[in-house]
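Engineer: For reference, the structure I am asking about is given below.
The values are calculated or read from the model by the stated rules, or taken from the named source; none is laboratory data. Bear in mind the structure is a predicted one, so any value in this text is a computation, not a measurement. Because the Cβ atoms are built from the backbone with ideal geometry, glycine has one as well, and the counts that use them run over all protein chains shown.
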Amino acid sequence: MVHQLAQFMQFVSIVVFALAFLWILVAFLQQTKTITTLFPFRFRWPHFQDKKTNTQKEVLRKRNCFKAYFEKLFIKTTTRQGRHLFFSIFTSVLLTRLSLLLLGYLGYILRNNESPGIIYSLRIIWEKWDSSHYLWIAQNWYTNVGEERLFIVFFPLYPLMIRVFSFLFQDYFVSGLLVSLVSLTVACFYLYKLVEIDYSAAVAKRCIRWVLIFPYTFFLSLVFTESLFLALSVLAFYAMRHKRWILAGFFGLLASLTRNFGFFLFIPLLIEYAISTDFFENFRNRHYREIVATFWKLTIGLGLIALGFFLYLLLNKWITGDWFRFLTYLREHWHQGFGFFAQNIQNQFTMALTWKPIDRLALWVPQLSLLLLSMVAILASLRTMRLSYLAYMFTLVFVSFSATWLLSGPRYTTTMFPIYIFLARISENEILDGILTFFSLTMLCVYALAYTWGAYVM
């Protein structure tokens, strides 16, 4: 019976992924006005108007190109309204993170019947799984001997940030927490600004709330790369929406040095460029001057994203003598490879029904549940969300579940910012909002405590 159910799950996953991919492809062809004659039917896709630029800022851009390149994007942070928004978000982030740390501390006392100091207990309670690896890299850098040689599979930017902060705070673990705190604040602030481009301020506020109460959001507080990667990916999208292709590539470069998923930012970059510049229409009409005026910026942006991943490969070559040694270590030590996503989902479904209860609840049930939520969010938002967001989320889900031994799917989901936009939109109904909020907070407490108690929440 279990085998038949798992096979059915494999079939369903193939159908759902294929439908999502085809619908995104059709949407791209429709929005770029490409080969529309092949489609006799018409879709009414949302049209997102670009906000008009301020003339004074354009003059400043011509006067000092490099300075204005950043000023046009980040000028609103320095206004009174921008400072108030940033302070409000920082306060919300700080209070929710302190609440989670307090929850872990109280859970530790209840479970172990002892009360160590709060500062001392932080490392005992929260330094688990990959956290210790990042801290070791921050202190010692990479090596090619001993068990620590395996740490080359972890990308370098986050440990480097920890090391920089450690010069000020003299403690690597505390520095890691502060890097995550600052990154999460930046991510929330610019996610608010990003959402506000297309939706109301109320939706943007709910989006930030969902970032802070999502069931696995505690990973954004700890010594993991998720908060930094979320900040860099949101900044890259924010630059894309303002047609700053080089700056988007720069943030993509940093994201590629943080997580392997950063490399896939080239997909939304291409989509945003094609849609916002009418690339295919200009090409058909032979408006080559308009294409050349912006295409070189896109090329540099794509090159910067590729450069980030190339630097990581260069690090492998420098440390181990092999450009792709990380793949060998992933395969031999973590049993990790690239497989058929539907077969991997079938295997996870089987384990969700056959493993012992604590492992089912800690690993497989939440992983499959968030897969379901992600695909529902993609399919339900095809007419209401920016195409580049959906394509990016679909890519991350597909790549994540193509891993043959995926154990951290829920943690990876925390970096998929479109899912927060989806939750913010469906929670416009007050009753549904209350139900979802209560359920999310409950699951947040459950899995945060499970993490502190050593369950397979990773």
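Engineer: Do we have any residue at all in segment 144-152 that's in a helix (DSSP H, G or I), touching a residue at least 24 places away in the same chain (Cβ under 8 Å), within 21 Å of the chain's Cα centre (by Cα) and within 30 Å of Leu313 (Cα to Cα)?
Structural biologist: So the first thing to find is which residues in segment 144-152 are in a helix (DSSP H, G or I), and the list is 147-152.
With the extra rule that they be touching a residue at least 24 places away in the same chain (Cβ under 8 Å), the set shrinks to 149-150, 152.
With within 21 Å of the chain's Cα centre (by Cα) added as a condition, the list becomes none.
No: zero hits.
Engineer: Ok, one more. Here is a check on your reading of the model: is Thr437 among the polar types (S, T, N, Q) and touching a helix residue (DSSP H, G or I) at 6+ places or on another chain (Cβ under 7 Å)? Before the answer, list the steps.
Structural biologist: Working: among the polar types (S, T, N, Q): yes; touching a helix residue (DSSP H, G or I) at 6+ places or on another chain (Cβ under 7 Å): yes.
Yes; evaluated as a whole, the condition is true for this residue.
Engineer: Of the residues in segment 90-146, how many are loosely packed, with under 15 Cβ neighbours inside 10 Å and of a type in the set (D, E, K, R)?
Structural biologist: 2
Engineer: Which one of these is at pLDDT below 90, touching a Leu at 6+ places or on another chain (Cβ under 9 Å) and either surrounded by 15 or more Cβ atoms within 10 Å (Cβ to Cβ) or among the aliphatic types (A, V, I, L, M) (or both): Leu298, Leu257? Outline the logic, then answer.
Structural biologist: Details: Leu257 fails: at pLDDT below 90.
On inspection, the qualifying residue turns out to be Leu298.
Engineer: Name every residue in segment 422-458 that is within 22 Å of the chain's Cα centre (by Cα), hydrophobic (A, V, I, L, M, F, W, C) and closer than 18 Å to Ile358 by Cβ, in order of residue number.
Structural biologist: Met443, Cys445, Ala448, Val457, Met458
Engineer: Now for a different question. Is it true that some residue in segment 196-214 is out of contact with any His (no Cβ under 7 Å at 6 or more places or on another chain), among the aromatic types (Phe, Trp, Tyr), closer than 20 Å to Tyr420 by Cα and assigned to a helix (DSSP H, G or I)?
Structural biologist: Looking only at segment 196-214, we keep the residues that are out of contact with any His (no Cβ under 7 Å at 6 or more places or on another chain), and these are 196-214.
Then drop every residue that is not among the aromatic types (Phe, Trp, Tyr), which leaves 199, 210, 214.
Keeping just the survivors that are closer than 20 Å to Tyr420 by Cα gives 199, 210, 214.
Filter once more, so that each one left must be assigned to a helix (DSSP H, G or I): 210.
Within segment 196-214, one or more residues are out of contact with any His (no Cβ under 7 Å at 6 or more places or on another chain), among the aromatic types (Phe, Trp, Tyr), closer than 20 Å to Tyr420 by Cα and assigned to a helix (DSSP H, G or I).
Engineer: What's the total number of residues in segment 399-441 that are more than 21 Å from Ser131 (Cα to Cα), in a helix (DSSP H, G or I) and among the charged types (D, E, K, R)?
Structural biologist: Matching residues across segment 399-441 total 3.
Engineer: Further question on the same structure: Which numbered condition in (1) assigned to a helix (DSSP H, G or I); (2) over 30 Å from Leu122 (Cα atoms); (3) among the aliphatic types (A, V, I, L, M) is the only one that Met385 fails?
Structural biologist: Condition (1) is where Met385 drops out.
Engineer: Moving to a separate point now. Only residues that are touching a residue at least 60 places away in the same chain (Cβ under 8 Å) and in contact with a Lys or Arg (Cβ under 9 Å, 6 or more places away or on another chain): list them for segment 348-369, please.
Structural biologist: Leu353, Thr354
Engineer: Only residues in segment 210-237 that are under 11 Å from Val186 (Cβ atoms) count as the first member; pair them with residues that are of a type in the set (Phe, Trp, Tyr) and assigned to a helix (DSSP H, G or I), Cβ under 7 angstrom, at least 6 apart or cross-chain, and list the lot.
Structural biologist: Qualifying pairs under 7 Å: Leu228/Tyr158; Leu232/Phe251; Val234/Tyr190; Leu235/Tyr190; Leu235/Phe251.
Engineer: Okay, moving on. Which of the residues belonging to segment 161-216 are surrounded by fewer than 21 Cβ atoms within 10 Å (Cβ to Cβ), within 22 Å of Leu100 (Cβ to Cβ) and of a type in the set (Lys, Arg)?
Structural biologist: Lys205, Arg209
Engineer: In addition: Could you identify the single residue in Phe417, Phe394, Phe398 that is surrounded by fewer than 16 Cβ atoms within 10 Å (Cβ to Cβ) and either modelled with pLDDT of 90 or more or more than 24 Å from Leu98 (Cβ to Cβ) (or both)? Step through it out loud before you land on a result.
Structural biologist: On the way: Phe417 fails: surrounded by fewer than 16 Cβ atoms within 10 Å (Cβ to Cβ); Phe394 fails: surrounded by fewer than 16 Cβ atoms within 10 Å (Cβ to Cβ).
The match here is Phe398.
Engineer: With the condition kept exactly as written, say whether any residue in segment 326-342 is hydrophobic (A, V, I, L, M, F, W, C), in contact with a Gly (Cβ under 9 Å, 6 or more places away or on another chain), closer than 17 Å to Thr395 by Cβ and in a helix (DSSP H, G or I).
Structural biologist: No; the residues of segment 326-342 include none that is hydrophobic (A, V, I, L, M, F, W, C), in contact with a Gly (Cβ under 9 Å, 6 or more places away or on another chain), closer than 17 Å to Thr395 by Cβ and in a helix (DSSP H, G or I).
Engineer: In segment 158-185, how many residues are over 17 Å from Leu222 (Cβ atoms) and in a helix (DSSP H, G or I)? Lay out the reasoning, then the answer.
Structural biologist: Taking segment 158-185 and keeping what is over 17 Å from Leu222 (Cβ atoms), we get 160, 163-164, 167-168, 170.
Remaining after also requiring in a helix (DSSP H, G or I): 160, 163-164, 167-168.
Adding up the residues that qualify gives 5.
Engineer: Of all residues in segment 91-119 being over 19 Å from Phe219 (Cβ atoms) and assigned to a helix (DSSP H, G or I), which is modelled with the highest pLDDT? Walk me through how you get there before you give the answer.
Structural biologist: First pass over segment 91-119, keeping only residues over 19 Å from Phe219 (Cβ atoms): 91, 106, 109-119.
Keeping just the survivors that are assigned to a helix (DSSP H, G or I) gives 91, 106, 109-112, 118-119.
On the way: Thr91: 90, Leu106: 86, Ile109: 82, Leu110: 82, Arg111: 82, Asn112: 79, Ile118: 69, Ile119: 70.
Across segment 91-119, the extreme among qualifying residues is Thr91.
Engineer: Here's another thing I want to ask about it. Could you tell me which of the residues Thr258, Thr294 is of a type in the set (Val, Ile, Thr), assigned to a loop (DSSP other than H, G, I, E, B) and either touching a helix residue (DSSP H, G or I) at 6+ places or on another chain (Cβ under 8 Å) or touching a residue at least 24 places away in the same chain (Cβ under 8 Å) (or both)? Quick ask: steps written out before the conclusion?
Structural biologist: Working: Thr294 fails: assigned to a loop (DSSP other than H, G, I, E, B).
The unique qualifying residue is Thr258.
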